[in-house]
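Working notes for the structure below.
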Amino acid sequence: GPWGRCMGDDCGPGGIQTRAVWCAHVEGWTTLHTNCKQAERPSNQQHCFKVCDWHKELYDWRLGPWNQCQPVISKSLEKAPECVKGEEGIQVREVTCMQKEEDTPAEDIICEYFEPKPLLEQACLIPCQQDCIVSEFSAWSECSKTCGSGLQHRTRHVVAPPQFGGSGCPNLTEFQVCQSSPCEADESPHSLHVGPWSTCTMPHPRQARQARRRGKNKDPEARELIKKKRNRNRQNRQENKYWDIQIGYQTREVTCTNKTGQAADLRLCQQEKLPVTFQSCVITKECQVSEWSEWSPCSKTCHDMVSPKGTRVRTRIIRQFPIGSEEECPELEETEPCVSQGETAAPCATYGWRATEWTECRVDPLLSQQDKRRGNQTALCGGGVQTREVYCVQTNENLLSHLKTHKDKEASKPVDLKLCTGPVPNTTQLCHIPCPIECEVSPWSAWGPCTYENCNDQQGKKGFKLRKRRITNEPTGGSVGTGSCPHLLEAIPCEEPSCYEWKAVRLGDCEPDNGKECGPGAQVQEVVCINSDGEEVDRQLCRDAIFPIPVACYAPCPRDCVLTMWSSWSSCSYTCSGKTTEGKQIRSRSILAYAGEEGGTHCPNTSALQEVRSCNEHPCTVYHWQTGPWGQCIEDTSVSSFNTTTTWNREASCSVGMQTRKVICVRVNVGQVGPKKCPESLRPETVRPCLLPCRKDCIVTPYSDWTTCPSSCTEGSSGVKKQSRHRVIIQLPANGGRDCMDPLYEEKACEAPQMCQSYRWKTHKWRRCQLVPWSVQQDSPGAQEGCGPGRQARAITCRKQDGGQAGIHECLQHAGPVPALTQACQVPCQDDCQFTSWSKFSSCNGDCGAVRTRKRTIVGKSKKKENCKNSHVYPLIETQYCPCDKYNAQPVGNWSDCILPEGKVEVLLGMKVQGDIKECGQGYRYQAMACYDQNGRLVETSRCNSHGYIEEACIIPCPSDCKLSEWSNWSRCSKSCGSGVKVRSKWLREKPYNGGRPCPKLDHVNQVYEVVPCQSDCNQYLWVTEPWSVCKVTFVNMPDNCGGGVQTRKVRCMQNTADGPSEHVEDYLCDPEEMPLGSRECKLPCPEDCVISEWGPWTRCTLPCNQSNFRQRSADPIRQPADEGRVCPDAVEKEPCNLNRNCFHYDYNVTDWSTCQLSEKAVCGNGIKTRMLDCVRSDGKSVDPKYCEELGLEKNWQMNTSCMVECPVNCQLSEWSPWSECSQTCGLTGKMIRRRTVTQPFQGDGRPCPALMEQSKPCPVKPCYRWQYGPWSPCQVQDAQCGEGTRTRNISCVVSDGSVDDLSKAVDEEFCADVEPIIEGNKKMVLEETCTQPCPGDCYLKDWSSWSLCQLTCVNGEDLGFGGIQVRSRAVIIQELENQHLCPEQMLETKSCDDGQCYEYKWMASAWKGSSRTVWCQRSDGVNVTGGCLVVRQPDADRSCHPPCSQPHSYCSETRTCSCEEGYTEVLSSNGTLEQCTLIPVVAIPTVEDKRGDVKTSRAVHPTQPSRNPEGRGRTWFLQPLGPDGRLKTWVYGVAAGAFVLLIFIVSMIYLACKKPKKPQRRQNNRLKPLTLAYDGDADM
């Protein structure tokens, strides 16, 4: 069985694993152990490696590389005819489990414990074979010979190499024989061939000794000179220890070769001067470097999880610089990542954001531009904005432990903001200033009775009449408490006060005196005892009050005059009495029945029916206490117990104080009077305790560290550098706390850094010119003389600018390229002319057309030689014209954005108010100026007297917010009883523009409304009736003045007040449905009749209303009838209770919520939504709430709820960042950019953010100078025809404008003085290189073609992931046909590349010309190539017919068969070939000349053939719609248009004929319509 798990106590190789072992029959069933051979029994346990979790660090899988993709042997071995994507394959790799430290393989099971074994094989793709693809051939070269028969060739290069087993490249060269004019002289069959130079070798010691020996026999003076020179050289050598310069020599072979390249005798190559075969050279030395230094300590000394690694460095130095070597020195510095050592490393500092306190909440930033409240900002409340500053601090607790000792340990010092990486906390937020709730008071109560100031202390005879009102809405905010409420009590001094009095409730019936039936009597008053507030009290308290006496009355006897009861007293005509005003009250009664003629008491005259009495006799001098505002809370030292901190009004309070206020007695409409006039006991308090909020001192962070001074040295003087430090206010002082005294910003000058040491190369004198040893020179001219060309070296050292010695590395870093160490030199021979070097050119003094010169002089013995004085051959002076500089300036590029002048706006209280940063107004836009000289070369702009820009004023339009009118006045409440609504509106005055605040939602007439609920008091206005008049009898001629008639009364609408109905108002203010009747029918009783009183009130219907319930009213008999027989009728009236007629149900109704209402002083924020509660009668009418209250109905609705109005927060932007560096260091297209960010996105109806968050302006134009190679010269072999020569090129300083298509123009080298000498990214400049000049007849390889484009392996434009490849090739050039067998192979070189592209190859074909056309293959970028296109898909290039079409009127069609021209029909043979073309018959239309109209033949016409009329009699007309070019003729369009018009005409006529006639209008409406204007809602209408 399988092995079980590895078990054991210890980790590692000491584990044991077991397995089951049993004996089985061959067929698979288990049998006894004894049936199996015991000797062959496998063991059932073995040692194993027990894996533990910590082994994960020690073991890991090692993955080998994938091997090559091998094809899978497919089931069907047939290959597809065309390869589309490639062949599927499989690739394998090795995977082993490794012990990491010892790098030894381990068992797979160990690694599998932690991670499953990675895949060992994977599917792969063998792409389609790709054949070699080559370009088109170049043009033919010139003929290889100028006369006679030569060869000319043309070449092509490889575009894509063969890949994945594709076929190789075809020949890259084609040649053909060419003939020129016949040669006049015989061509030399031999040419002089120069071989390559040998390696540079030092002279043999013997040769050197010989040279020295030759120098021995010198005089002592000379010897002394040589000694000095040696010492100096030794010193130089020491300075030159980095360069071991040894001058040796090298030789080359000169041979004569024939056309086939075989050597011939040198004499056959006749030539005056043979090439030099030796020269001095410098021995090549490789770079030598020291051993690596020790590793530096790790750059990171702390540890954290973000970037756990630092770096460490080791260096080495150059011991000896390379000379003449191609190899550069190796890297001198090596870095590697490292981890700070051990667990002891402290954790790295971490940083986090901190924020200061929020500033005070301010509302004014939310106001729109035209808001009138901008002027008075103190009264604003509601939603606002507050800001704070954020700064970055170090947050590690352990590193901040020293701060625990600080007083303000929570404030650690600010550090550079860049150290904080998390999201920046927001710096603005919405806040809320609670709006003060105004004090609301009830109406005044009625004046009370004259009462003592204090009923418990009744002194003197002076009292007061009082009237009161109460606070209905407690004020909050502002000056908190009732201090802001008006006075609640008014008093009038009065005489004879009393605290309790009797109040008559109702009069009893009239009881006649002495128990008689009728006659004079008395009415007893029912009374209760009341106090001065009108409340019923114990009757005992009224024991001192005067008890009301019974009222005299008269009970009418039969036939007496009957009067009604007195009406109640009217309300007093004035509230007080003065000189001109006297309060009066009236009551009246009227006649119910007249007296009889005989014996009855007669009715009194009219004046006796009315009574008047005085009322409100107190004078109109009203007094009240007036309070001033509460003063400041002043600390009360007497209260010491209050030492705890409490919160009161949401602010922490630390001590108790006292507040006082002024209280004076005021007479209404007069002013302050003595305090005795006001009731002393009701005087408001003047002192109250208060809580003092805690003092808040200013808290600032400690100073940040000083900013760093520039640590490196300074180049030149660029002003004094400063360093600064700052700190942040965390808490502003409040409530008398300590102010912020110290500065928040400090700066000091940096210590002056030392000036930068500049370094320079010092070149020492050239040593003597070293020639090739004379033993090598042998027979050459000058060998014995010791003259000719040689090479000399010199020492160079590194110096500081002041001349002091410096290390060579300083100069390598700071002093530019190393000066030349060796140069060619010439030891003049006797016949040579010697000159000094050329001087520098004289300077140009700026005049146009002036000349500058340079000179040299003849030296030494040459002065005497005539041939040296020949100035034509050896000129001593050279001249050059000075440049004529003319400059012109031109604007380049686009205009910049409009840029506002930069100026800091004062920021108020750390809060940016809207429009703080200047965002609009006049700015400037800029366009760069470029300066060119007369040759069109870009020069510094200062040459054109320009500062680099054209400036133009521009305007950034200021945003204008939506402007609305002020609110209109509130409308009246829509209901006179119960809850209604009132409305006010604003209208649009100006739409927003330039990104101003948008308008709120407007209606179709551009108005915005505010609707709020309102409540009208149902008893505000009421109907007041006077008593009914006497019943006027209709029939006056009756003997007695009695019978049916009419009576009237006055009904008036009165305004109701606390003192009762006061003044008459318009009738429409009272409810018309409730208006009492002003007249009614009546019956005046006759003298003998019974007289009953007016009807009493109806009793109330019991609820619920239904017909089974009744209500009733009654009247009392006042006068008994005269006759015994007559009785008074039953004076009770009953009626059923009818719902909504005389009986009503009542219920509460709650209105909808109002819109969110803000305080007048708020812009947004918390508001209140209200709703109203109505008492509604069952017929739907709103009534006084008392009806519902009497029924005790539940009212558990919430009438107010808080709500939010979104604040219109304008978009706030950061300041513009500083201008960026220029995007280009030089040229025309450089741009500087600055950006800003949104610090507060807009909200609600705030001003939206502008789109322009980035501005750019052009940089000043600077010319781009750089070094550029000139072209290589042709390969030059000195004094020979072929072999190894040299080619050279120059470098020049060029200027360009930085654009891709600008051709660089050469300028003086001085312009590139500051440009680093790098060409094509390489510091090493190659100005000379060896080259090979082929001998005539040689077969040779052309130069390498340039690298092809980087090409990927793709299918259908998708990269298969094999990477890009580039290729270049060398073609073979043949000069003589017989040398063909000596030609080298053509060459191909590939390299991988990164920025590859997919290319496709397609067959292209030209238009057919006759039976042929050109077909070629083209790459998708338009390059014509050979190869790449699939051969199976190649289109035909030839379409000629076999056999050719020889029959008349036949031609070869595209299908390669013979067809007939149009107008002819084919006649085919039995095998399907064309036999002949016969003419198709034609329709002939006879003309005027041709009378015979019986010819009716027809034929189709070849549209392109001109018609021929063979007879010439009459003309035959063919309707030919097609022209000779195969297009429709013009007349066809004309006929079609005509037919279309005719069709439309016919359809129109049919329609008009069928249409029913319209009935004539009967009546003309002549009234003018009102003019209607189309109105689009624009306020400008």
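Points to keep in mind about this one:
- Among the residues listed as Gln1386, Gln1380, the single one being closer than 18 Å to Pro170 by Cα and surrounded by fewer than 17 Cβ atoms within 10 Å (Cβ to Cβ): Gln1380
- Candidates Ser1369, Ser1392, filtered to the one that is touching a residue at least 12 places away in the same chain (Cβ under 8 Å), open to solvent by 80 Å² or more (accessible area, probe 1.4 Å) and assigned to a strand (DSSP E or B): Ser1392
- Condition met for Glu1309 (under 30 Å from Arg1419 (Cα atoms), modelled with pLDDT under 85 and open to solvent by 60 Å² or more (accessible area, probe 1.4 Å)): no
- In the range 526-557, residue surrounded by the most Cβ atoms within 10 Å (Cβ to Cβ) [restricted to those that are charged (D, E, K, R) and under 19 Å from Glu453 (Cβ atoms)]: Asp533
- Contact map, the range 1041-1063: first residue in contact (Cβ under 8 Å) with a residue 60 or more places away in the chain, second residue open to solvent by 60 Å² or more (accessible area, probe 1.4 Å) and among the aromatic types (Phe, Trp, Tyr), Cβ cut-off under 9 Å, separation 6 or more or different chains; pairs are Asn1041/Tyr594; Cys1042/Tyr594.
- One residue from Cys844, Cys811, Cys884, Cys825 being under 29 Å from Pro1317 (Cα atoms) and assigned to a strand (DSSP E or B): Cys825
- Residue list for the range 1156-1167, filter: touching a residue at least 24 places away in the same chain (Cβ under 8 Å) and either surrounded by fewer than 15 Cβ atoms within 10 Å (Cβ to Cβ) or over 30 Å from Glu1194 (Cβ atoms) (or both): Leu1158, Ser1159, Lys1161, Ala1162, Val1163, Cys1164, Gly1165
- Qualifying residue in the range 1008-1025 (condition: without any contact (Cβ under 8 Å) to a residue 40 or more places away in the chain and more than 30 Å from Pro1076 (Cα to Cα)): yes
- Residues (charged (D, E, K, R) and assigned to a strand (DSSP E or B)) located in the range 1201-1237: Lys1231, Arg1234, Arg1235
- Of all residues in the range 182-194, none satisfies being in contact (Cβ under 8 Å) with a residue 40 or more places away in the chain, in contact with a His (Cβ under 8 Å, 6 or more places away or on another chain) and surrounded by 17 or more Cβ atoms within 10 Å (Cβ to Cβ).
- One residue stands out in the range 1061-1081 among those that are of a type outside the set (Gly, Ala, Ser) and either touching a Pro at 6+ places or on another chain (Cβ under 8 Å) or in a loop (DSSP other than H, G, I, E, B) (or both): the one that is least open to solvent (accessible area, probe 1.4 Å), namely Cys1070.
- Subset of the range 758-772 [among the hydrophobic types (A, V, I, L, M, F, W, C) and open to solvent by less than 40 Å² (accessible area, probe 1.4 Å)]: Trp761, Cys769, Val772
- Selected residue (criterion: nearest to the chain's Cα centre (by Cα)) from residues of the range 286-339 that are open to solvent by 90 Å² or more (accessible area, probe 1.4 Å) and of a type in the set (Lys, Arg): Lys309
- If the condition is being among the charged types (D, E, K, R), under 25 Å from Glu453 (Cα atoms) and in a loop (DSSP other than H, G, I, E, B), then the range 491-512 contributes only Glu496.
- Residues that are at pLDDT below 85, hydrophobic (A, V, I, L, M, F, W, C) and open to solvent by 40 Å² or more (accessible area, probe 1.4 Å) number at least 1 in the following strands (runs of 3 or more DSSP E) confined to the range 1082-1148: 1117-1119.
- Residue in the range 1414-1436 that is more than 58 Å from the chain's Cα centre (by Cα) and open to solvent by less than 80 Å² (accessible area, probe 1.4 Å) present: no
- Asn1196 falls short on exactly one of the conditions (1) more than 30 Å from Gly1246 (Cβ to Cβ); (2) open to solvent by less than 70 Å² (accessible area, probe 1.4 Å), and that condition is (2).
- Residues in the range 513-525 that are of a type in the set (A, V, I, L, M, F, W, C) and either part of a loop (DSSP other than H, G, I, E, B) or within 17 Å of Tyr452 (Cα to Cα) (or both): Cys518, Val524.
- Qualifying residue in the range 349-367 (condition: modelled with pLDDT under 85, surrounded by fewer than 19 Cβ atoms within 10 Å (Cβ to Cβ), of a type in the set (A, V, I, L, M) and in contact with a Ser or Thr (Cβ under 9 Å, 6 or more places away or on another chain)): yes
- Some residue of the range 34-54 being open to solvent by less than 100 Å² (accessible area, probe 1.4 Å), among the basic types (Lys, Arg) and either more than 30 Å from Asp9 (Cα to Cα) or assigned to a loop (DSSP other than H, G, I, E, B) (or both): no
- Residue check, Arg943 open to solvent by less than 60 Å² (accessible area, probe 1.4 Å), among the basic types (Lys, Arg), touching a strand residue (DSSP E or B) at 6+ places or on another chain (Cβ under 9 Å) and over 30 Å from Ala1251 (Cα atoms): no
- Meets criteria (farther than 30 Å from Lys259 by Cβ and of a type in the set (D, E, K, R)) for Glu1376: no
- When the range 81-107 is filtered for residues that are without any contact (Cβ under 8 Å) to a residue 24 or more places away in the chain, open to solvent by 80 Å² or more (accessible area, probe 1.4 Å) and assigned to a strand (DSSP E or B), only Pro105 remains.
- Of all the listed residues (Ala1058, Ala953), the sole one being under 27 Å from Met1172 (Cα atoms) and surrounded by fewer than 16 Cβ atoms within 10 Å (Cβ to Cβ) is Ala1058.
- Unique match (being small (Gly, Ala, Ser) and not in a strand (DSSP E or B)) among Gly150, Gly168: Gly168
- Residue check for Tyr249: under 60 Å from the mean Cα position of the chain (by Cα), among the aromatic types (Phe, Trp, Tyr) and modelled with pLDDT of 60 or more: no
The values are calculated or read from the model by the stated rules, or taken from the named source; none is laboratory data. Since the structure is predicted, the reported quantities are computational estimates derived from the model, not experimental observations. Here Cβ is always computed from backbone atoms with ideal geometry, including for glycine, and neighbour counts include all displayed protein chains. These accessible areas exclude ligands, DNA and RNA; they are computed on the full protein's heavy atoms, side chains included. Shrake-Rupley method; radii C 1.70, N 1.55, O 1.52, S 1.80 Å.
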